[in-house]
1. Of the residues that sit in region 5-27 and are within 16 Å of ligand 1 (Cβ to nearest atom) and within 30 Å of I77 (Cβ to Cβ), which one is surrounded by the most Cβ atoms within 10 Å (Cβ to Cβ)?
2. Can you pull out the residues in region 1-55 that are hydroxyl-bearing (S, T, Y) and closer than 30 Å to H113 by Cα?
3. Can you tell me which residues in region 39-54 are surrounded by 12 or more Cβ atoms within 10 Å (Cβ to Cβ) and more than 10 Å from ligand 1 (Cβ to nearest atom)?
4. Among (1) at pLDDT below 80; (2) under 28 Å from L107 (Cα atoms); (3) hydrophobic (A, V, I, L, M, F, W, C); (4) over 19 Å from the mean Cα position of the chain (by Cα), which single condition is V162 missing?
5. Under 7 Å by Cβ, and 6 or more places apart or on different chains, what pairs join a residue from region 1-14 that is within 11 Å of D31 (Cβ to Cβ) and among the hydrophobic types (A, V, I, L, M, F, W, C) with one that is part of a helix (DSSP H, G or I) and away from ligand 2 (no atom under 16 Å from the Cβ)?
6. When the residues of region 227-244 are filtered to those that are assigned to a helix (DSSP H, G or I) and small (G, A, S), which remaining residue is farthest from I196 (Cα to Cα)?
7. Do you know which of the residues in region 112-129 that are assigned to a loop (DSSP other than H, G, I, E, B) and of a type in the set (S, T, Y) is nearest to ligand 2 (Cβ to nearest atom)?
8. Name the residue, out of G266, G235, that is closer than 21 Å to D208 by Cβ, without any contact (Cβ under 8 Å) to a residue 60 or more places away in the chain and in contact with a helix residue (DSSP H, G or I) (Cβ under 7 Å, 6 or more places away or on another chain).
Amino acid sequence: MKCHECGEKIHPEESSYAEVTTKKGKPVWADVCHDCYYDIVSTCQLCGADDVMPSDVSRFILVKHELGRTADRPPGIYEIVRYPFLSIPLVGSGSMGASDVLFIDRLPKPDLHYDISGHICNECAKPYRKIRRAAYGRKKMDRGWNRTEWALQWQDEFKAGVHCLRCGRLCRPGTPDPKARAIRQASSGFCPNCMITKFLLSIEPIRDLIEGTPARGPRLAIPGKGPEILFGPEGVHVKKQVAVILTHTQMRESEIDWIEVVGNWGLPWPKGREPGNF
Ligand SMILES: [Zn+2]
Ligand SMILES: [Zn+2]
Ligand SMILES: [Zn+2]
């Protein structure tokens, strides 16, 4: 028995059956050696299946913070709209082309939960196909787009409030009451979770409690207690204050996912939209 790929002789018990090519869109399977088998299959970064055949690899990818940063994009699930979407230098890690991928949704779990950025199998991609159609329609994005057009498209989407500028979550923020000044100013372009994060960071005692304060003159630096305090007794107090303020807005407290607020606390803010810019 010979490996279909490299031609190496293999014992039948050492052979694996794998999809080696496609003919008229149909996968063709053959016996291959172990080495070639691992070259052919991919791992789905969502369900962990490590034997995903080429025709079962979807056009959707999981992008962790590290890779997203190379294209100024938040972590999330993206659709590949143009290949190659990655450029991999001889030294160092790859970078993503900002106009070669389309943002679909935030990651289902916090970034830390996932080992690496990578492929998603067709089965796991099903819900993202629906989101893609809901957010962008059926329009193919891979023809006739240049980088400028792409950037304009993104700006429009951000203006329309489709995606949160910070965490990338799909959102359509309601119009906050003009009387609630801080919330109104925190809202544009951000999802309720990031809006509240921005708002909390604008209240100095809360900000200092969570993030600490640097040494200033004779005063020593005070380490922050971290956003996890929002889950504790101090958090109960903070949430009460937030609830009172929200009664003046169209946003409901139930729209805030405090786990997301804490989990995303360390995410960077888009340039010029940092919490200090009130
Ligand atoms: Zn082989
Ligand atoms: Zn999967
Ligand atoms: Zn957000």
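1. Among those that are within 16 Å of ligand 1 (Cβ to nearest atom) and within 30 Å of I77 (Cβ to Cβ), it is A18.
2. Listed by number, the residues that qualify are Y37, Y38, S42, T43, S55.
3. If the condition is that a residue be surrounded by 12 or more Cβ atoms within 10 Å (Cβ to Cβ) and more than 10 Å from ligand 1 (Cβ to nearest atom), then V41, S42, T43, C44, Q45, L46, C47, A49, D51, V52, M53, P54 are the ones that fit.
4. Among (1) at pLDDT below 80; (2) under 28 Å from L107 (Cα atoms); (3) hydrophobic (A, V, I, L, M, F, W, C); (4) over 19 Å from the mean Cα position of the chain (by Cα), the lone unmet condition for V162 is (4).
5. Pairs found: M1/P12; C3/C36.
6. For region 227-244, the residue satisfying everything is G235.
7. Y114
8. The unique qualifying residue is G235.
The values are calculated or read from the model by the stated rules, or taken from the named source; none is laboratory data. None of the values given here were measured: they were computed from a predicted structure. Glycine gets a Cβ as well: all are built from the backbone with ideal geometry, and neighbour counts include every protein chain shown.
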